[in-house]
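What follows draws every value from the coordinates through simple rules; no lab data is involved. On a predicted model such as this, the values are computed, not experimentally measured, just so you know. Backbone-built Cβ (ideal geometry, glycine too); neighbour counts: all protein chains shown.
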Amino acid sequence: MTVADPHRATHRAIEAVWRIESARVIAGLARLVRDVGLAEELAQDALVIALEQWPEAGVPDNPGAWLMATAKHRAIDLLRRQTRYAHKLEEVGRDLDVRQWAEPDLDAAIDDQIGDDLLRLVFTACHPVLPTESRVALTLRLLGGLTTEEIARAFLIAEPTVAQRIVRAKRTLAAKKVEFELPAPHELADRLSSVLGAIYLIFNEGYAATGGDDWTRPELCQEALRLGRILAGLAPGEPEVHGLVGLMEIQASRLRARTGPSGDPVLLMDQDRRLWDRLLIRRGMEAIDRAEALGGMFGPYALQAAIAACHARAPSREDTDWERIAALYQVLAHVSPSPVVELNMAVAVGMATGPAEGLEIVDRLVSERTLAAYPQLPAVRGDLLARLGRLEEARLEFERAATLTRNGRERALFLDRAADHAKGTPAG
């Protein structure tokens with residue numbers, strides 16, 4: 001082993017510790033300094049010190065506590081300097097109210113209620129004043145511990161773009177004076193919806209990548225699952241949190257079956273269900289049971305989880321309870337109406353009662369503006385047309401889907417389907 005090898009191993013250990021502990025450190029600091037951007041800077045300072053000291057001194061027995069203590073001391077030094085500065089201004093006659101800088105018990109303050117701090121950090125990173133793409137980037141940065149480069153690579157966007165989103169998000173939170181606190185009870189539902197939406201967007205980009213040459217990006221799915229599990233631990237009384245976790249667990253169970261040996265997409269109907277991860281399915285079912293045990297009407301994530309559970313229970317596509325899935329989609333369309341939900345309902349209706357009935361629903365969506373650039377609309381229509389034997393129309397629909405997608409693997413899939421129907425081969 002060369003001299004550089006132990007240092008390289010230490011750096012890998014630091015990276016792993018940072019990924020696990022950074023959110024807790026930032027959350028504890030943010031409550032103290034009341035500024036998410038400053039809290040991250042202080043945590044990063046602690047990381048730099050670790051990178052300088054640990055290769056020589058070795059990784060501490062409790063590296064998370066070491067990072068927290070180091071960052072805490074820097075925060076306390078900063079606040080005490082600010083306190084002395086405020087008092088100095090008061091001494092020279094400035095009319096400042098410096099009571100907020102009265103010396104608190106800073107050591108006790110930083111060590112208090114770390115679970116609540118993480119929950120505050122989740123709600124702050126996903127605050128409605130931020131655009132959706134900024135919520136996602138900031139959540140991955142602050143709670144996921146991902147670097148700007150990792151976020152950019154995961155979403156196939158330029159690193160400066162991600163950096164700008166994160167910087168602007170922090171500036172917006174500061175400019176809008178967003179408090180580092182949990183939302184009031186009357187705001188909780190809307191704010192929680194924002195948090196869950198950001199986490200599920202991260203998961204979906206991993207489950208069905210919208211761009212690039214890979215059909216899936218499992219690392220993003222894993223990151224979203226980790227965030228969802230953390231949130232479920234922090235908010236155990238919220239059914240929709242468990243619903244989202246259940247949905248992601250069951251969908252993630254199919255990841256190995258979603259691609260063939262060469263990375264080509266394998267659609268749900270064609271997947272080898274023996275490859276589905278039974279442990280993730282069991283965990284997903286348990287999360288759904290927790291949501292149901294909390295009572296009340298299912299929300300959109302719990303309903304989608306119930307639909308995913310129907311697939312997970314079926315040993316084959318022929319044994320799938322399509323009638324129940326179609327009924328659940330009808331409820332979902334009522335609870336959370338959207339053209340995408342209706343499109344998914346069309347697929348279920350097409351399987352439950354026949355392709356003609358499914359096509360009738362899809363045809364009502366053709367003029368929907370929000371679906372104009374959505375490749376799944378012509379893809380679903382093409383599948384239903386093929387099942388009706390209208391192969392030339394199906395071919396045109398799959399060719400249109402291929403022009404709309406930004407994912408290389410998906411484009412190849414659609415073109416293959418179009419070629420099959422050009423040869424007069426009905427869909428299987």
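Per-structure values
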read-out	value
Rough spin-label spacing in nm, given labels placed 7 Å along Cα→Cβ, for Asp214 and Ile76	4.3 nm
√(5λ) per eigenvalue of the Cα gyration tensor, the stretch 246-296, largest first, Å	27, 9, 7
Estimated D of the stretch 300-381 in µm² per second, where Rh is the Kirkwood radius over Cα pairs and Stokes-Einstein applies at 37 °C, 0.692 mPa s	254 µm²/s
Per-peptide average of other Cβ atoms within 10 Å, ordering 330-337, 28-35, 359-366 highest first	28-35, 359-366, 330-337
Protection proxy ranking of 153-160, 403-410, 191-198 - average other beta-carbon atoms within 10 Å, highest first	191-198, 403-410, 153-160
Diffusion coefficient, µm² s⁻¹, Stokes-Einstein with Kirkwood Rh over alpha-carbon pairs of the stretch 271-428 at 20 °C and 1.002 mPa s	127 µm²/s
Helix runs (DSSP H) in the chain reaching 18 Å along axis by Cα, Kyte-Doolittle at least 0.0	4-33, 36-57, 188-207, 218-234, 239-252, 300-313, 322-335, 339-352
Among 342-355, 269-282, the order from most to least packed when residues are scored by Cβ within 10 Å on average	342-355, 269-282
Prolate/oblate/rounded call for the stretch 198-314, Cα gyration tensor, a/c under 1.5 rounded	prolate
Per-residue [θ]222 nm for the chain (sum of -39500 (n - 2.57) over DSSP H runs n ≥ 4, rounded to 500)	-22500 deg cm²/dmol
Longest to shortest principal axis, alpha-carbon extents of the chain, angstrom	86, 59, 38
Net length gained if the chain between Glu286 and Arg34 were fully extended (0.36 nm per residue, minus Cα distance)	87.0 nm
